[in-house]
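Right, one structure below, let's go through it.
The values are calculated or read from the model by the stated rules, or taken from the named source; none is laboratory data. Keep in mind the model is a prediction, meaning the values are calculated, not measured. As a convention, Cβ positions derive from the backbone with ideal geometry for all residues, glycine included, and neighbour counts pool all protein chains shown. We work out accessible area using only protein heavy atoms, side chains counted, and drop any ligands, DNA or RNA first. Shrake-Rupley method; radii C 1.70, N 1.55, O 1.52, S 1.80 Å.
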Amino acid sequence: MTGIDKIYIGPDATGQLLSYAAKKGLKRFVLIADDNTYRALGTKVEGVLKAKGYEVSCVVLEGASVHPDEHRLIEVLIKAPLGECTFIAVGSGTITDTTRFVSHRTGRAFIAMPTAPSVDGFTSVGAPLILAGVKTTILCQAPIAVFADLETLVSAPSKLIAAGYGDMLGKITSLADWELGCLLWDEPYDPGIAKRSQLAIDAVMKNVDSIGRHSEDGVRALMEALIESGLCMLDFGTSRPASGAEHHASHYWEMKRLEERETILLHGAQVGYALTLVAQQYARIRALSRQEVLDRLSIAKLPDRGAEIAKIREGYGHMAEEVMKEALPFLDLTEDAFENLKHRIVSHWEKILVVASKVPSSETLAGYLHKVGAPTSAAELGLKPQEVAPGFEFGHYLRNRFTSSKLSRILGLPLA
Ligand SMILES: [Zn+2]
């Protein structure tokens, strides 16, 4: 395990933290939380550590909207005491990523104590931060340990549990897209990691009812799956095993909302809804006969570089230059390379159908999301109807990765 020496999900996580602190000879702690997570678990963590004689300073970020932006990063840097210490992040994604950055940049380690099973990024080395209004992932560090308190996770707000479910179910199309990337775009692939990710997906599908009821077993299964997904990314070295077209759409919606200073929606809630639309892409791909594929490819034209660049500028505005770097291999396709890609689509068509057959129908997936109370429509999610399609139209430029969105484009199928 890459630098993480303890992962615990269960009752009495604070007791586990105490044993760990004693074993590792840790002495001073800086606890980072927000109002809600301090109340949910932070006071307890502070209390048990102080009762054992540890020195603990707390930085509680106040206010309704806590985002991992410059303002909050500086706030933590200013309030955290100097000297040797171990940071403890008590919270969900935002608190963990803020702590990940500050601990790393001040040369200290951190322990993650998640308060909700809401995302799969707890064990990540990258911190998705909001810098100058743009979501940017900064390479930092993984926690040295994760202690997830089951009682706290079970009592987390329903919408956070539902979001974690959406983020996890979204791996279905992340994995399918990864296989397409391996078949058609020469992307590195690791069958062992894909298998682990698939088992994590299977577990949350099997436990959907108990997760929907927020039972201890269900919430534990969800948290274990999210942690496993995070470890798959850590072991593979990039987010590829856990992020495909569904994540690209979600990132695009979030970037536009940040730019327009609109409320940011929960990551996992967006991913879950985007998953249902990517499943429709896969259904359209599955429905094609071999002859239709040949007919569509015979009229498919090499993407026009100038038109593509204009499109990226239209979709991304001041962020276009950054996006362009990732989109270059697609923009720079030569006539020969494009013919070769079309040839590969035809020669691998049977395999593509096998990949597409692994993605359940949009209705089936919406049924799973519905059971846990996750949004299954743009209206339930809080997205305006006109925001939906651009997530797919522009989202695929965000990463040099092959996805069902790129395949749909080449085949002349609708993206959303
Ligand atoms: Zn995610």
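Structural remarks
- Kirkwood hydrodynamic radius over Cα pairs of region 179-310, then Stokes diffusion coefficient at 37 °C and 0.692 mPa s, in µm²/s: 185 µm²/s
- Each part reduced to its alpha carbon centroid, region 1-58 and region 148-197 end up 27 Å apart.
- Using R0 = 56 Å, the C-beta based FRET efficiency linking HIS67 and LEU353 works out to 0.85.
- Residues with amide H under 5 Å from that of GLY91, placed H, sequence gap 5 or more: MET113, THR115
- Our summary of shape: the Cα atoms of region 246-376 have principal axis extents of 44, 39, 17 Å, ordered from largest down, in whole angstrom.
- Split the accessible area of the chain by element, probe 1.4 Å, and carbon with sulfur accounts for 54%.
- Violating pairs (Cα-Cα greater than 19 angstrom) within the set LYS256/LYS301; LYS351/LYS406; LYS135/LYS159; LYS79/LYS159; LYS6/LYS79: LYS256/LYS301; LYS135/LYS159; LYS79/LYS159; LYS6/LYS79
- Counting heavy atoms of the protein chains alone, SER19 has an accessible area of about 70 Å² for a 1.4 Å probe.
- For the chain, built as a Gaussian network whose Cα springs stay under 10 Å, the top-fluctuating residue of LYS342, LYS23, LYS311: LYS23
- Top of ALA249, ALA200, ALA283 by mean-square fluctuation, Gaussian network on the chain, Cα under 10 Å: ALA283
- Once Rg and the Kirkwood radius are both taken over the C-alpha atoms of the chain, their ratio Rg/Rh works out to 0.99.
- Residue-wise HN-Hα couplings along region 376-384, as the Karplus relation 6.51 cos²θ - 1.76 cosθ + 1.60 with θ = phi - 60° gives them from phi, are 10, 9, 4, 4, 5, 6, x, 9, 6 Hz; Gly and Pro carry x.
- Length-normalised contact order of region 25-179 in % [C-alpha pairs under 8 Å, at least 6 apart]: 21 percent
- Inter-part distance where region 224-298 and region 304-371 are each reduced to a Cα centre, Å: 11 Å
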